[in-house]
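Report on the structure given below.
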Amino acid sequence: MNISASELAKITGGELTGDHSLAVTGIMTDSRSSGAGHDVLFIALRGPNHDGHGFIGPLFNRGVRLFLVDTLPADIDLMTGAAFVKVEDTLEALHSLAGWRRSAFTGKVIAVTGSAGKTVVKEWLAETLGTVKSVIRSPRSYNSQVGVALSLMNIDNRFDVAVIEAGISRPGEMERLARIIRPDTVVITNIGDAHGENFVSREAIATEKLSLAAGARMLIYSSDDELIKRETSLRYSGIPALTWSVSGDDASLRVDISGRIGGGQVLRCTSEGSVFEVIIPFADRASAENAVSVIACSLAEGVPEKSIKGALADIPAVAMRMEVKKGINSCTLIEDYYNSDPGSLSMALDFLRSHARGRTTLILSDFRQIGGNEERLYEGVAEAVRRAGIDRFIGIGEALTRQKEKFPGGSVFYG
C-alpha cells in the first residue's frame, strides 16, 4: 500500500488537517505495535474499554505522522509535520479503506465463516490451495470487524487467491463484513450455538452468517445440516453450490470416514464419478469435517486430487483449537480455549477420547456466551461428561458450581 494523506481523506470521506504531502505504506490500530514510524498510519479506534485517541501523543513522539481520528487532539499545534484525517467514525473509515483495497484486487476472494472451525479451515485451505496457486490468508484469527479489515489491507495482485476468515458476535455485523469482503466463494463450516446470547435462535445465527453469501458466485456447505440446506434454498437458491456429506446424503462430494490409520483417519471421497482417498493426521470428527470443507473448496478451485491428498496428509494443528502439548509426569494436555460452547465441547471430548492413553481429566469453565435455560444447559454438559467416560471433572465458574449436583460424584468445583 502506498497512499497519500489527500487520497486517504478522499477514500474515507474525511477532512484533512496538516501536511498534505505525507504518504503511508502501512497502518496500525494497536499503539503497542513495534512498527511505528513516519510511513505508518495510526487509526484511533474506540471500543468499550479503550480509546485510541489517548495514544496519539506518545505515537507522535515515536515518529508517527499521519492519524485517522474522529476528534482532533487539543495540542495539535504542537505536532509539527503531522497530518490528521478527521472522520465521523474511525471503524467505518477503516472499512472504507479496506473496501477500496478489495476493489483493486483482481484475484479470487474466498471467505470462511461458521460457528466453529473457521480458523482451522482457513489455515488448511490456504495450505492446500497454496500447492497450485499463490495464496494470502487472514493472519491468525483476524475475523472481527477490525481483523477482517486489516486482513483485506494486506491483499494485493501478487496473489491469485485471498482466504479471509469472517466471524460475528451480534446481529448486523456480517452485513458490514460482506460489504468489504465481497467474496467470490463462501465456505460455511457449521452453525452451532457459539455467541448464542446475542441471537434469539440458531436460525437467526444461520441467517446472519449466510448473509455473507449475498453476491457470491459459489457457496460450499454440508448438506447434512438441515438448517443450512433450508436457509440456502430459501434465500440463495440462485447461487451455485458445492455441497458435501458424511452421512450418505445426496451431495456434490460424498465422504465416508472409513477408518483409522496410525494417529489419523481415512476419508474416502466420491465426486463426479471420481473416487479417491485422503488421509489426515487427526482422528477426531471435527478435524474430519474441517478437512472435508477444505476438500470441497479445493475441488471447486480445480486443485488436483493428488495435490489435495499431499497437502492434507501433512496439515498442522492450529493453535486455540485442540492443541496437544506434553505436560509433566508423562501427561498429555489438550487445549481448546477459544469461544467454548456445547458443540465445541462435544468435539473436544471426541478428540480427547481419540488421544487418551490413560486416565482422563476435563477442566471446564462456564459457558459465558450461551444464553437460555442454565439448568438444562449444564444437564446436557454433565451427560456428555458421563458418556465420554471422563475419570475426573473440574468445573470452574459460578454457573457450573450452581449446577454441581448434576455431575458425577467426585467432581471438583471452584466458583
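For the residue pairs K306/K326; K229/K406; K10/K133; K118/K309; K86/K133, alpha carbon separations beyond 29 Å are given by K306/K326; K229/K406; K10/K133; K86/K133. What a 1.4 Å probe finds exposed on the chain is 48% carbon and sulfur by accessible area, rounded to a whole percent.
Here the calculated FRET efficiency for A204 and E335, from their Cβ-Cβ distance with R0 = 41 Å, stands at 0.85, rounded to the nearest 0.05. Dividing the mean sequence gap of close Cα pairs (under 8 Å, 6+ apart) by how many residues the chain holds gives a relative contact order of 10 percent. Taking every C-alpha pair closer than 8 Å and separated by at least 6 residues, the mean separation divided by the residue count of region 220-297 gives a relative contact order of 24 percent. If you take the Cα centroid of region 266-293 and the Cα centroid of region 248-265, the two points sit 5 Å apart. The stretch between A74 and S21 holds 16.8 nm of extra length on full extension. This uses 0.36 nm per residue minus the Cα-Cα distance. On the basis of the beta-carbon distance and an R0 of 45 Å, E398 and S307 show a calculated FRET efficiency of 0.35.
Note on the chain: Cα convex hull, mean projected area over all directions, 22.6 nm². For region 274-281, the Karplus equation 6.51 cos²θ - 1.76 cosθ + 1.60, evaluated at θ = phi - 60°, returns couplings of 8, 10, 8, 10, 10, 10, 10, x Hz by residue, with Gly and Pro reported as x. When each of the peptides 216-225, 380-389 is scored by the mean number of other C-beta atoms lying within 10 Å of its residues, the order from highest to lowest reads 216-225, 380-389. From helices alone, the chain scores -10000 deg cm²/dmol at 222 nm; the rule is -39500 (n - 2.57) for each run of n ≥ 4 DSSP H residues, then divide by the residue total. DSSP beta bridges fully contained in the chain are about 40 percent antiparallel. Set the Förster distance to 51 Å, then compute FRET efficiency between D250 and D156 from the Cβ-Cβ distance, nearest 0.05. The pair D250/D156 has a calculated efficiency of 0.80. The label-point distance for R230 and R268, in a model that sets each label 7 Å from Cα toward Cβ, rounds to 3.2 nm.
The values are calculated or read from the model by the stated rules, or taken from the named source; none is laboratory data. Not measured: the values here are computed from a predicted model. Positions of Cβ are generated from backbone atoms using ideal geometry, with glycine treated the same way; all protein chains shown enter the neighbour counts. Accessible surface is based on the protein model in full, side chains and every heavy atom, while ligands, DNA and RNA are left aside. Shrake-Rupley method; radii C 1.70, N 1.55, O 1.52, S 1.80 Å.
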